[in-house]
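Note sheet for the following structure.
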Amino acid sequence: MKTIKKYWTVIAGVILAIIAAIFVSDKLNKKNVTKLDKKLDDNNKKIDQLQGKTEAIEEQRVEIKEEIQETKTEIEELQTAKDELQVEEKPVEEAKQNILNKTRRGRKSRK
């Protein structure tokens, strides 16, 4: 009889250990699941922020491309205007007289 009681106590102890292990593992799994859910939420928030930043960068990129095109067209217009510009050459005598009039050498002293 004593040996039967020992077996039953061992069997009952094993069953209780299995049940305790199941409960402990469930609690650990729940904690791990909540931690993983929190990490996923944090990652999703970071992804949303980065997508917003990439959209802003794309918009700036498009604006800069448009500004570059406008600047190129302005440069081309200025280049054609420069090529079409004709310089009038003044005679050397007029230039010499103009320089002398604007400098002290060309003026007469008051003595």
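Bear in mind that the values in this text are calculations on the coordinates, not laboratory data. Only a predicted model underlies this, so the values are computations on that prediction, with no experimental measurement involved. All Cβ positions, glycine included, derive from the backbone under ideal geometry; neighbour counts span all protein chains shown.
Quarter the surface of the alpha carbon convex hull of the range 2-84 and you get the mean projected area, 7.8 square nanometres. Among the GluC sites (Glu not before Pro) in the range 3-103, those placed in a DSSP loop whose Cβ has at most 15 other Cβ atoms within 10 Å are Glu88, Glu89. If you line up the long axis of helix 92-102 against the longest principal axis of the chain, both from Cα atoms, how many degrees apart are they, to the nearest 10? Value to nearest ten degrees: 80.
Converting phi to 3J(HN,Hα) with the Karplus coefficients 6.51, -1.76 and 1.60 and the offset θ = phi - 60°, the range 55-66 yields 5, 5, 5, 4, 4, 4, 4, 5, 4, 5, 4, 5 Hz in sequence order, with x at every glycine or proline.
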